[in-house]
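Below is one structure, written out as structure tokens, with a few remarks after it.
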Amino acid sequence: NKQVILKDYVVGLPKDSDMYVSTNSTIQLKVPEGSNGIVVKNLYLSCDPYNLVFMRKPVSDSYAFVKRVSDSHAFVKPGSPIIGFGVAKVLDSGNPNFKKGDLVWGTTVWEEYSLITDLQDIIKIQHTDVPLSYYTGILGMPGLTAYGGFYEVCSPKKGEHVFISAASGAVGQIVGQFAKLFGCYVVGSAGSKEKVELLKNKFRFDEAFNYKEEPDLDAALKRYFPKGIDIYFENVGGKMLDAVLLNMREHGRIAVCGMISQYNLDKPEGVHNLMHLISKRIRIEGFLVFDYYHLYPKFVELVLSYIAEGKIVYVEDIAEGLESGPAALVGLFTGRNVGKQIVLVAHE
Ligand code: NDP
């Protein structure tokens, strides 16, 4: 059973060498007697900034995430395989809710075959007329993040002006398309020319810019939002948040989904413009996707209909083979991924 092993706790920016691929001679293809778990063959593994939570030395505020993850998985120890979301096929089941041949998505282990004993976030895939990999992205955790974050946290109104950072990624590309379909004016920022082209031509954002080529983010935002921003979907934090605060409109909303520019710093950068929250009566709210799992059926129905009608598209960046996993995961933190980063482990 080939596995991606955590070599040592990640410190600072993750590196390929924080992980290694190893082959364990035991493959468990049957659920042990008396267990109500499932044995799965992993097909796709999802690379998410979230993976890192379990690869760093545990700190108290990581427990909010761990609550959702099985005890047997929680906090990967050096020498153990890493964990994360994935799509898998059930090979054997000791649980009445799953049977051999079912396709599922949820928390799994970065290896070829896994025994999953905590099934609290394992969801059976009902619709297979879309690419299975979509359940790592647009129909999985990042999609639900975009859905909960945009419709529930941002309280959007038709015609509002929306700004999204890390806009071409797993979550951002969906938020932007939801916002366009809702009737908003949408601008995204991303870190390369190729990504900016995608935002404008593939995802149909109204405008997009490469933040790495903007010496003055405040001036860039003023160019695209001369009358200000109603909704900011925050994925990066740091300097971008500061510049956005200067450009928010009265009663604007900031949904704090993530702050990827800060995850690798020992001490997060200071935010200087928070006073603007007062005079402009801005609401800023952090959220976790886990708060919105109850909306999953409604979300899937909506997104499947959008896909079927060609109203929404999804760009994936697929790395082949478990061996490519470490580099693919690390690439999220340097912006190497173009679209949703996935690792293809095996075909069905
Ligand atoms: P992406 O697919 O967007 O990949 C990460 C992207 O972040 C990179 O491609 C890169 O894009 C950008 N990035 C990396 N480092 C930096 C940096 N230092 N400064 C600015 N941008 C950077 O990831 P996801 O869509 O999966 O995640 C987006 C955000 O949403 C993350 O912050 C993540 O933690 C958060 N998240 C939160 C959830 C929740 O429940 N609250 C659930 C899921 C995700 P570029 O080239 O454009 O810079």
* Structure fact -> Pairs over 23 Å Cα to Cα, from LYS158/LYS222; LYS239/LYS280; LYS157/LYS222; LYS89/LYS180; LYS157/LYS212; LYS57/LYS124, come to LYS89/LYS180; LYS157/LYS212; LYS57/LYS124
* Asked: Per Stokes-Einstein, at 20 °C and 1.002 mPa s, what whole-number D in µm² s⁻¹ belongs to segment 128-213, with the Kirkwood radius over Cα pairs as the hydrodynamic radius?
  -> 165 µm²/s
* Taking Rh as the Kirkwood radius computed over C-alpha pairs, what is the Stokes-Einstein D of the chain at 37 °C in a medium of viscosity 0.692 mPa s, expressed in µm² per second? -> 158 µm²/s
* To do: Return the distance in nm (one decimal) between the two label points of a simple spin-label model at ASP8 and ALA308, each offset 7 Å from Cα along Cα→Cβ.
  => 5.3 nm
* Quick one: Karplus J couplings for segment 28-44, per residue in order, coefficients 6.51, -1.76, 1.60, θ = phi - 60°, nearest Hz, x for Gly and Pro? -> 9, 10, 10, 5, x, 3, x, 7, 9, x, 10, 9, 10, 9, 6, 9, 10
* Asked: Hey, got the dipole for the chain? About the Cα centre, +1 on K and R Cβ, -1 on D and E Cβ, debye to the nearest 20?
  -> 560 debye
* Asked: Toward the positive end of the charge dipole of the chain, about the Cα centre and with charges on Cβ (Lys, Arg +1; Asp, Glu -1), which of ALA255, VAL196, SER46 goes farthest?
  -> ALA255
* **Dipole of segment 255-320, positive direction: furthest Cα of GLY286, PHE299, LEU265, with charges on the beta-carbon** => GLY286
* To do: Taking amide H positions as placed in the peptide plane 1.01 Å from N, state which residues far from ASP317 in sequence (5 or more) or on other chains have amide H under 5 Å from it.
  => LYS340, GLN341, ILE342
* Farthest toward the dipole's positive end in the chain, which of TYR185, ILE116, VAL90, given Cβ charges of +1 (Lys, Arg) and -1 (Asp, Glu) about the Cα centre? -> TYR185
* Structure fact -> Tilt, helix 296-308 to longest principal axis of the chain (alpha-carbon atoms), in degrees rounded to tens, equals 70 degrees
* Structure fact -> A correct fewest-to-most ranking of THR23, THR136 by other Cβ atoms within 10 Å would be THR23, THR136
* Asked: Helix 172-182 versus the longest principal axis of the chain: what is the Cα-based angle in degrees, 0 to 90, to the nearest 10?
  -> 60 degrees
* Asked: Where Lys and Arg each count +1 and Asp and Glu each count -1, what net charge lies around GLY172 among other residues with Cβ under 11 Å from its Cβ?
  -> +1
* Dipole size in debye (nearest 20) for segment 141-290 around its Cα centre, Lys and Arg Cβ +1, Asp and Glu Cβ -1? -> 400 debye
* Kirkwood-based shape ratio for segment 141-290, expressed as Rg/Rh from alpha carbons -> 0.92
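Bear in mind that the values in this text are calculations on the coordinates, not laboratory data. All figures in this text were calculated on a predicted structure; none of them were measured in a lab. Because the Cβ atoms are built from the backbone with ideal geometry, glycine has one as well, and the counts that use them run over all protein chains shown.
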